[in-house]
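The values are calculated or read from the model by the stated rules, or taken from the named source; none is laboratory data. A quick note: this is a predicted structure, and the numbers were derived from the prediction, not measured. Every residue, glycine among them, receives a Cβ derived from its backbone with ideal geometry; neighbour counts consider all protein chains shown.
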Amino acid sequence: MSKFKLSPRVLLLWRIRLLFVDLAVLVLCFAVYAFFSLPDEAVLLAVITILISFWLWFWYLPRLHSSFQFSISNEAVVLTRGVFVVKQYLLPCPRLIYAERFTTPLTSLMGLCSLRLKASRVHLILPPLTKDETAFIMSQLDNSFL
Amino acid sequence: MTEMEIRPHPVMILKFLSPYLFVLILPVARQIFNLKVGRGFPRFFILELILLFTVIIVSVLKWHRYRLYISDKYVRFTKGLFFRIEATIPKNRIASMFLEKKPLLWFIGGVVLRFDTEAGKPRKNDFQMTVKVKDVSLLFTLLPFKGNYFKHYHAPTLKIIIMALANTSTTTGLLIAAPIVNNAGKLLGKSMSDIWVSISSVSSALEFIIPPIASTISIIILIGFAVSFLSTVFKCVPFDLYIKGDLITSVSGLISKRYTSFKREAINNLIIIKSPIMRILRHSTVKVNVAGYGKHKGEIAVFIPAANKRELAGLIEDFLPSMVSKPIMLRPPYRSLRRYLTQPFVLFFIISLVSIFLSNRFTNFKDFIEFMTIISFIVLAVFGELSLKKYVQSGIAFGEHVAVLSSRKFSLVELRCKFEKIGVIKISQTPFDRKHNLCKMKLTIRSESADSITVANLDYSELKVALLNNYNIAI
């Protein structure tokens, strides 16, 4: 059985995505302030966004990152994750149909890659993994498929 | 392993551009036309033109990066420009392959390819691409066949017409006709209300037979039914089934030719359907549950379009010998007969009471209410007949192969499958069921579409014994 934990680059990736979302919300706040003349609402929305972002950045995302555990064996793929509610997903290998690699521009730049494991009526999305880890998992799965 | 590369046909660029047709391409084209006839310089024209060129460049780049690779043991595809997807699918996991020769594409040397596995969403293919005609020969290696057995079945056109009559629905017809009329109206600057006006003028000729309101609705329903019926006929005629070794290929279509290939082992289950019209004509339709076959809107996963009992038995024995008929072991007991008769009687009284109340309350609409009541009684008669048939014919046969007879809506349905294809067996009992030692059993197939069938009013004790004896399952 091979076990994996998430690379620190994944935490950085999530934080960068959070920054993009914050930027979009702050632009919206500016638009509300400038075009709709609602300064109080715009400031309130901006403050709430910043507070939530701080909480996510310093508390939630690091804990979510450390909660991820992933293992693969000949019998099954097991994924565990969750901060408040811990969920464990078991996907028996004989039920796996195929695996799909998915990359975005940001994950490509950071040398990461997501995997979607597809079974009948269900799919399991693994968090972004390094390219070496992805190649290793794909070779393990290929052995069970072929 | 060596991989053969298949590149998409350039017509796929148009497919990537199609979402922008009404929001960008046509508005820019109209503005260029306005410029040429001297109607002035539009306000955001330059911006829209830049957007259009960007979209065209992105579409061309997406086409360029769309690839399919076929090797001995697997297929691999890559697609997407910024959001890249790459998947490797073992050939033995491919459930079906679909090729479609559309007339317009055929002129430019293109064929639509789709293939499916048991994974993925029920209404979405795992992979779709328009390929060049010269690459079609490579695609036949996607599903290699084993064995020397060869058989061919050609369905007579009359059987297809029977199937089309029984399987089409007005909803399908309305869903096909309404969007076409709506979009045509948008382009010509006409609204749907003009179409409604022209229909109501035709209906006025029938008002001495049917109440005026119902005649307008019925003409719309008939038009929908006719469109749906003709669409099904053109999609299915002519229909041929070829078996080569363990590979089954169905070929159908008059205007667009469709080839669907699948392995015999990829068949999850067989469904034999007798709709009300089929029951009158003493015919059944046989459909197969294979991932990807019959997936798209208006498509039917037909195996045998229509056949009487004797023809059906012979064809199933020839093509799918493992799915031949079995005698039913477990049927609803005599004490459950009252349940099958109660519902139609109760509905009869409810419809009568509601009809009398509404006729007295809304006297202006009396004719319409009476007409709707007659229609309701006809539907109830069909429902009553089905209830009796369900009592007589429904049941289960267990073993290595399972056969279940029941009903769905107004049709009698028989499902046949291997026991290993069953995903979940659900047995439920209401308090009334427990009192009479009866139960309801629902069987769900382990497949992409998760076909299921429910049999009600079975003897609970007998069911427990049957599950224990056949599969060593104790409940």
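Summary of values
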{"quantity": "Scan of segment B:415-442 for residues that are assigned to a strand (DSSP E or B) and of a type outside the set (D, E, K, R), ordered by number", "calculated": "B:415, B:417, B:422, B:423, B:424, B:425, B:427, B:428, B:438, B:439, B:441"}
{"quantity": "Qualifying residue in segment A:117-140 (condition: in contact (Cβ under 8 Å) with a residue 40 or more places away in the chain and touching a Lys or Arg at 6+ places or on another chain (Cβ under 6 Å))", "calculated": "no"}
{"quantity": "Check on residue B:50, of a type outside the set (Lys, Arg) and within 31 Å of the chain's Cα centre (by Cα)", "calculated": "no"}
{"quantity": "Within segment B:390-420, considering residues that are among the basic types (Lys, Arg) and at pLDDT 90 or above, the one nearest to residue B:288 (Cα to Cα)", "calculated": "B:416"}
{"quantity": "Residue B:462 vs. criteria away from chain A (no Cβ under 14 Å), in contact with a helix residue (DSSP H, G or I) (Cβ under 7 Å, 6 or more places away or on another chain) and acidic (Asp, Glu)", "calculated": "no"}
{"quantity": "Unique residue being farther than 16 Å from residue B:61 by Cβ and either at pLDDT 90 or above or assigned by TED's automatic domain parsing to the domain that holds residue B:132 (or both) when the list is B:41, B:16", "calculated": "B:41"}
{"quantity": "Test: residue B:438 is surrounded by 17 or more Cβ atoms within 10 Å (Cβ to Cβ), touching a residue at least 12 places away in the same chain (Cβ under 8 Å), farther than 19 Å from residue B:273 by Cβ and not assigned by TED's automatic domain parsing to the domain that holds residue B:340", "calculated": "yes"}
{"quantity": "Subset of segment B:430-459 [of a type in the set (Gly, Ala, Ser) and away from every other protein chain (no Cβ under 14 Å)]", "calculated": "B:456"}
{"quantity": "Set B:44, B:22, B:16, B:33: member being buried (at least 16 other Cβ atoms within 10 Å of the Cβ), at negative phi and not aliphatic (A, V, I, L, M)", "calculated": "B:16"}
{"quantity": "Subset tally (residues that are among the hydroxyl-bearing types (Ser, Thr, Tyr), more than 19 Å from residue B:16 (Cβ to Cβ) and touching a residue at least 40 places away in the same chain (Cβ under 8 Å)) for segment B:98-146", "calculated": "2"}
{"quantity": "Enumeration of residues in segment B:321-340 that are hydrophobic (A, V, I, L, M, F, W, C) and at pLDDT 90 or above", "calculated": "B:330, B:337"}
{"quantity": "Every pair of residues 6+ apart whose Cβ atoms lie under 6 Å, when the first sits in segment A:59-82 and is free of Cβ contacts under 8 Å to residues at least 24 places away in the same chain and not assigned by TED's automatic domain parsing to the domain that holds residue A:18 while the second is exposed (fewer than 13 other Cβ atoms within 10 Å of the Cβ) and assigned to a strand (DSSP E or B)", "calculated": "A:76/A:90; A:76/A:92; A:78/A:90; A:80/A:88"}
{"quantity": "Subset of segment B:451-473 (residues that are among the small types (Gly, Ala, Ser) and either surrounded by 21 or more Cβ atoms within 10 Å (Cβ to Cβ) or touching a residue at least 40 places away in the same chain (Cβ under 8 Å) (or both))", "calculated": "B:456, B:466"}
{"quantity": "Residue count for segment A:113-146, restricted to those that are within 12 Å of chain B (Cβ to nearest Cβ), in a strand (DSSP E or B) and surrounded by 16 or more Cβ atoms within 10 Å (Cβ to Cβ)", "calculated": "10"}
{"quantity": "Output for segment B:268-304, where each listed residue is part of a strand (DSSP E or B) and within 25 Å of residue A:121 (Cα to Cα)", "calculated": "B:269, B:270, B:271, B:272, B:273, B:286, B:287, B:288, B:289, B:302, B:303"}
{"quantity": "From the options B:76, B:67, B:7, residue that is surrounded by fewer than 17 Cβ atoms within 10 Å (Cβ to Cβ), modelled with pLDDT of 90 or more, closer than 28 Å to residue B:267 by Cβ and not hydroxyl-bearing (Ser, Thr, Tyr)", "calculated": "B:76"}
{"quantity": "All positions within segment B:228-258 that are buried (at least 16 other Cβ atoms within 10 Å of the Cβ) and under 16 Å from the mean Cα position of the chain (by Cα)", "calculated": "B:228, B:229, B:231, B:232, B:233, B:235, B:236, B:250, B:252, B:253, B:258"}
{"quantity": "Residue in segment B:345-364 that is outside the structural domain of residue B:271 (by TED's automatic domain parsing), assigned to a helix (DSSP H, G or I) and in contact (Cβ under 8 Å) with a residue 40 or more places away in the chain present", "calculated": "no"}
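Results for (1) more than 14 Å from chain A (Cβ to nearest Cβ); (2) of a type in the set (Val, Ile, Thr); (3) in contact with a strand residue (DSSP E or B) (Cβ under 8 Å, 6 or more places away or on another chain); (4) at positive phi, shown as yes or no for each residue.
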{"position": "B:89", "(1), (2), (3), (4)": "no, yes, yes, no"}
{"position": "B:95", "(1), (2), (3), (4)": "no, no, yes, no"}
{"position": "B:106", "(1), (2), (3), (4)": "yes, no, no, no"}
{"position": "B:110", "(1), (2), (3), (4)": "yes, no, yes, no"}
{"position": "B:128", "(1), (2), (3), (4)": "yes, no, yes, no"}
